[in-house]
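Beneath this line is the structure, given in structure tokens, with notes to follow.
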Amino acid sequence: MEHTSLLERILRGVALTLVVIFFMFPIVWIFMMSFQTNETILRIPPQLVFEPTLANYTALITGKLTTMSGTLDIAFMRNLWNSVFLSTTSVAVALLLGVPAAYAFARHKFRGSEDIAFTLLSFRFAPALLVLLPLTLYFQKLGLANTYIGLIWVYQLICLPLILWIVRGYFEDIPADIEYAYRIAGHSWFATFRKIALPLAGPGIAAAGLLAFIFAWNNFVFALVLASADKQPVTVGALAFITSSGIQYGQISAAIVLSITPTLALALYAQRYLVEGLSLGAVKG
Amino acid sequence: MTAVTVQRNRPSGFRISKRVLPYVLSLPALLVCIGILIPFFTSVVYSFQRYRLSQPWARQFNWGENYLNFFTDPKFWNTLEISLLYAGITVLLELLLGLGIAMLLQKRTTLNNFISIMLLMPLMTAPALAALMWKLMTNPGFGVLSYLASLIGLQDFRWASSPSTALFTVVLVDIWVYTPFIMILLLAGLRSLPTQPFEAAALDGVPRSFVFFRITLPMLTPYILTATLFRLLDSIQQFDIIYAMTQGGPGDTLTVFQVEAYLNFFQSTNVGRSAALMIILWAITYFLSNIFIKNWLRLRERARGLA
Amino acid sequence: MASLELKNIVKRYKSQTVLDNLSLTVADGETLVLFGPSGAGKTVLLRLVAGVIDPDEGKILIGGEDMTDVDAEFRGVGMAFQNFALFPHMSAFDNIATPLEARHSSQSTIKAGVESVAKLLKIGHVLSHKPRALSNGQKQRTALARALVGAPPLLLLDDPLRNVDAKLRFEMRLELPRLLADRGATVVYVTQDYKEAMALGDRIAVMSQGVVRQLGTPEQIYREPANIEIARLFGDPTINLLDVKPARDGKGVYVGLSNVQVHLPAAYETAVGRDCVIGLRPEALSFVDAGAPGAIPVTVEAETPLNEKIVTLVRTVRGREILVSRPAGAPGQAEGKAHIAIDSKSALLFDQASGERIGSKNVVSLRNGEAA
């Protein structure tokens, strides 16, 4: 590798620059748009230098958008709150259900355990609408249509397999002897689970939780099918916002920025675990 | 030595037998499992019925009719074609790009690590929101990409709103979102490869192309396979990007499986056809996921071994 | 204090039988060493006793009480693991304290208990460290302290010296017997090191392939091994094994070694005419003058000091290699021609086909049987 020629180094540099521009440009551009007034946005050619304004964000946060034709109500903060609530609760539920099951799968090879684990995994790869479309009909009968409970339940489709498979791997990495030693010392299985297994798998559980949160947050189709406006998260809400607000591009950009910032921040925070999580433990980062 | 009184804990209170314990622990997850299997089987049943939400009274079993109709239904063949085309193009391009970028970033330098973390950002952007971002950028009125296209002579480039370029546009968004996925998997794979074969080849003055095709690629194959199948499984089911960008349009240019099923269900309220479409898509993904899981398990075992 | 009784234990993993109808009794206060190659089932047996895995068949009695279905935390045993199995997120103090905490002992009792056992094992100064900051020797002592601190009536030690360096192993081999004797506990000790087995065991159970092949005092195992395999495992340098076919003449049973007739005790009468293997411990051989009775001519090939012994490799006229050992300091033998004599009373005779030792009342296969 030491024998790289100057030409090659230049080519590599150019290639990397192009790569960075292609992948970063949309985010940077939207970020810039969100601080521009509509007038600046509509100017051609597009402006790189402009006077930043926070008006778009204030409009979103206050929920009042004043236009020439009057005042428009924006429900975007509601969507943002829905995203926070749905993602957090879904992950909490998935952790509550998934971590004990992951422990059982990792430690006790009981009859049918692999079947259950693989069935759950296969949900990760099955078309979402296959389950969602009949569910809309069921949910209407059960009164779960357009409820947080119904949505959180469906969100388990994303969160549970993820948590189950990642956390199971972390539990399997704890030598069984360590847990045996604690049991032999006179502690119950529950104490062993709480004082030994959970702390030792802690980083893995946290990482799985963060990833599940990101996936839940980014989900679109579940809420599109099962929720109406007041329960919709940002992914669906932003789409509706675009159609309803017409040409308020500055606010739309600001809404997108607010919607993607939480997951981007979490991803940067947890990037060490992302490789492992995204591949369900098949590739160590 | 201080005398510690010999004593033993005695079983007391509520105890769960160790044979039952694992079942108790996994029961809630199992119930969720069942709760998801029920609608799945309902879908199977629907797919064998004539069932329109607008005509609930006409609901009855027509057995294979929904499926048989597909053979003579050009819309179905369009769906199949566009789904396979979309999955094929996106995965192939993402694989080539992802491999290329991974190789550019292979050396562990601060800059490379920083760039690889930056590249995670598109992947962590919700695909539906990513589609909206690109929609804004390709807006014919003020979109920066439309402006850039006009600079290179494409005066009236209509991006997603023209049937001839709609596929190109959604593929572009898919590439933007998912190339980093393949990139980080292959980067992890590349960095985990043993260094000896490469050092030996460098010492022997083996040509770089030979090293790439005879050493790098074969050793990377399990990672490439896992990443490709993973993406293929997702891509053939793509909904978010296409729906958020064009709702399957213009016309039926982009009515891939899930979009078509969604429109069938909510616009034409044809539950039977919608379910049959989903079952066919499920059969395809089931086939792919079986190959995938085998390969993935092998890679996972190896990753556990490395840990 | 407690005795341990295992009755007809069977343990299978998938199709493989790891323990095959094994029965064993350990008396109150006794130290029993489980000795055998890896894969013999020793560790599995220990875990069954501890209660962390369950037998497929059979019963486990501790102190006369049936513990087969009792969970590990209620069995009141102490165990030290080969890989130490320390809790990586706890300090050495907290590691050692776990058995006392399980009993809800008061803070002062815990502190006193941990400190006294730590002092005994000379790790008082590292109690605040996490396991990763401990040396291997300190880890091993911490693990041992954790097993001992609750003064369990039954102590299970799974090859605790396996992963420590030679010097420490030597020290601990001297220190452990006293430590265990002081405790008065019943001990089951697993090892693959025959010296450890000899040094620590009141009795030794030699295991292979899930079966106890021989059970006896170290002395018995050494002097009267049940079969060739066991004879080979115990003793350093290893026993000399030569193919022979015993015959009879006017003076009794003899075997021919390099054309010299070596007479054996009358007990070997049954071996006459059978294909046998004679086992000669290197220390049962000695150099003698050419004229001595039963002197066998050999060529001295090489000499190696081994601990407190000197081992000489000699070759018989028929080309067979034999090891002879003598205490260090005893007069040696120059290279070249020499003669050796055999202490025929200590010679062991094995059946060539079965490998079992011939003519001993101790020759009982312990398979399927109670070995008390």
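Every number here is computed from the coordinates shown, using simple stated rules; none is lab data. This structure is a prediction, so every number in the text was calculated from the model and none was measured. A quick note on method: Cβ atoms are made from the backbone with ideal geometry, for glycine too, and the neighbour counts reach across all protein chains shown.
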What distance in nm lies between label points placed 7 Å from Cα along the C-beta direction at C:A353 and C:V70?
4.8 nm
With Cα coordinates, the longest principal axis of chain A makes an angle with the long axis of helix A:148-173, in degrees rounded to 10, of 50 degrees
Once the in-chain neighbours fewer than 8 apart are removed, the aspartates and glutamates whose Cα is under 15 Å from C:K111 read C:D94, C:E101
What are the DSSP H helices in chain B that stretch 20 Å or more along their long axis, judged by alpha-carbon atoms, and whose average Kyte-Doolittle hydropathy comes to at least 1.6?
B:21-47
CD proxy, 222 nm, chain A: helix-only mean residue ellipticity via -39,500 (n - 2.57) per DSSP H run with n ≥ 4, per residue, nearest 500, stands at -24000 deg cm²/dmol
Rounded to the nearest 10 degrees, what's the angle between the helix C:136-148 long axis and the longest principal axis of chain C, both from Cα atoms, 0 to 90?
70 degrees
Could you please tell me the mean projected area of the C-alpha convex hull for the stretch B:242-307, averaged over all directions and given in square nanometres to one decimal?
6.4 nm²
Dipole of the stretch C:2-47, positive direction: furthest Cα of C:Y13, C:G36, C:L24, with charges on the beta-carbon
C:Y13
Compute the distance from the alpha-carbon center of the stretch B:227-299 to that of the stretch A:115-166, in whole Å.
16 Å
Chain B: relative contact order from alpha carbon pairs under 8 Å, six or more residues apart, as a whole percent, is 26 percent
Taking R0 as 45 Å and r as the Cβ-Cβ distance between A:K64 and B:D156, the FRET efficiency 1/(1 + (r/R0)^6), rounded to the nearest 0.05, comes to 0.75
If you build a Gaussian network model of chain C, linking Cα atoms that sit under 10 Å apart, which residue out of C:T186, C:T109, C:T31 swings the most?
C:T109
Surrounding net charge for B:M245, when Lys and Arg each add one and Asp and Glu each subtract one, Cβ distance under 12 Å
-1
For chain C, alpha-carbon Rg over 2.2 N^0.38 Å:
1.17
Find, to one decimal place in angstroms, the Kirkwood hydrodynamic radius of the stretch A:76-278, where the mean of 1/r is taken over every pair of different Cα atoms and then inverted.
18.4 Å
Checking the cross-link filter: which lysines have an alpha carbon closer than 25 Å to that of C:K245, excluding same-chain neighbours under 8 positions apart?
C:K345, C:K361
Of C:K11, C:K195, C:K251, which is the most mobile in a GNM of chain C whose springs link Cα atoms less than 10 angstrom apart?
C:K251
Förster-model FRET efficiency, 41 Å R0, C:R315 and C:R162, C-beta, rounded to 0.05:
0.65
Can you list the aspartates and glutamates whose alpha carbon sits under 15 Å from that of B:K75, skipping same-chain ones fewer than 8 residues off?
B:D252, B:E260
Based on the Cβ-Cβ distance from A:A229 to C:R132, what FRET efficiency comes out when R0 is 56 Å, to the nearest 0.05?
0.55
Work out the mean other chain Cβ neighbour count within 10 Å for the residues of A:228-241 and drop it here as an integer.
2
Sorted by Cβ density within 10 Å, fewest first, the residues B:S116, C:S116, B:S274
C:S116, B:S116, B:S274
Within 10 Å of each residue's Cβ, count the other Cβ atoms and sort C:R146, B:R298, C:R178 from fewest upward.
C:R178, B:R298, C:R146
Of the DSSP beta bridges with both residues in the stretch C:232-351, give the percent that are antiparallel, rounding to the nearest 5.
100 percent
For the cross-link pairs A:K109/A:K195; C:K122/C:K167; C:K42/C:K130; A:K109/C:K59, which exceed 20 Å when the distance is taken from alpha carbon to alpha carbon?
A:K109/A:K195; C:K42/C:K130; A:K109/C:K59
If the only charges are +1 at each Lys and Arg Cβ and -1 at each Asp and Glu Cβ, what is the size of the charge dipole of the protein assembly as shown around the Cα centre, to the nearest 20 debye?
620 debye
Taking Cα atoms only, helix A:128-142 is inclined relative to the longest principal axis of chain A by an angle, in degrees rounded to 10, of 90 degrees
Which of the chymotrypsin sites (Phe, Trp or Tyr not before Pro) found in the stretch B:247-307 are loop residues per DSSP with 14 or fewer other Cβ atoms within 10 Å of their Cβ?
none
For a footprinting-style exposure proxy, rank C:R357, A:R78, B:R191 by other Cβ within 10 Å, fewest first.
B:R191, A:R78, C:R357
Normalise the Cα radius of gyration of the protein assembly as shown by 2.2 N^0.38 Å (N = residues in it) and let me know the number.
1.26
Sort the following peptides by mean Cβ neighbour count (other Cβ atoms within 10 Å, averaged over residues), highest first: A:39-49, A:155-165.
A:155-165, A:39-49
Comparing A:A94, A:A212, A:A176, which has the greatest mean-square fluctuation in the GNM of chain A with Cα pairs linked when under 10 Å apart?
A:A176
Can you give the extra length, in nm with one decimal, that the chain gains between B:F266 and B:K294 once fully stretched, where that is 0.36 nm per residue apart less the Cα-Cα distance?
6.4 nm
Under a plain spin-label model, where a point goes 7 Å from the Cα along Cα-to-Cβ, how far apart in nm are A:F190 and B:V20?
1.4 nm
